[in-house]
Amino acid sequence: MAELEKVTGRCLCGAVAFTAKNVEPHFDVCHCSMCRRWSGGVMMAVEAKGGVDFSGEENIGLFRASDWGERGFCKICGTNLFWRMQDGSYVGVAYGALDNAGDFEFTTEIFIDHKPDAYAFEGDRKQMTEADVLAAFAAPPAEGYVQ
Ligand SMILES: [Zn+2]
Ligand SMILES: [Zn+2]
């Protein structure tokens with residue numbers, strides 16, 4: 001599928017809106033304990049290869065749960081907006097915050113070995129364990145991909 005030049009989204013209250021640039025039309029799910037706690041479910045993320053432009057940027061709170069990652073959220077309504085590497089080499093915006101989520105395919109689940117048995121997504125797709133993720137992003141600090 002073709003890359004999407006611009007993808008828009010916003011938080012629940014509308015204080016923060018964003019335009020993600022150069023987006024592949026698929027999303028990934030992370031089952032790690034940090035993403036589950038942060039999101040209240042699972043983190044569903046769409047990679048913005050061209051970065052993200054924000055409006056209402058002053059309303060974004062940032063939280064560093066690890067030495068390499070940074071999580072952004074709306075300080076007013078609490079919507080989870082993005083996970084990014086602190087060095088800017090990766091930014092994944094929250095799939096659930098997109099305006100047109102229907103254009104995306106669900107292609108990958110990561111930290112599948114951290115998923116509780118109580119739920120599972122239907123269908124087949126690429127699944128990566130923590131070890132797979134660490135191997136794929138071998139050089140630190142990228143080994144903390146979506147943590
Ligand atoms: Zn908000
Ligand atoms: Zn995670």
Next item on the list: From the list Tyr95, Tyr90, pick out the single residue that is at pLDDT below 95, buried (at least 18 other Cβ atoms within 10 Å of the Cβ), within 15 Å of the chain's Cα centre (by Cα) and not small (Gly, Ala, Ser).
Entry: Tyr90
Notebook entry, point to check: Could you list, in sequence order, the residues of the range 39-54 that are crowded, with 18+ Cβ neighbours inside 10 Å and under 14 Å from Arg84 (Cβ atoms)?
Noted result: Met43, Ala45, Val46, Ala48, Val52
Notebook entry, point to check: Could you count how many residues in the range 60-76 are without any contact (Cβ under 8 Å) to a residue 40 or more places away in the chain, within 15 Å of ligand 2 (Cβ to nearest atom) and among the small types (Gly, Ala, Ser)?
Noted result: 1
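The values are calculated or read from the model by the stated rules, or taken from the named source; none is laboratory data. Just so it is clear, the structure is predicted and the values come from calculations on it, not from any experiment. Here Cβ is always computed from backbone atoms with ideal geometry, including for glycine, and neighbour counts include all displayed protein chains.
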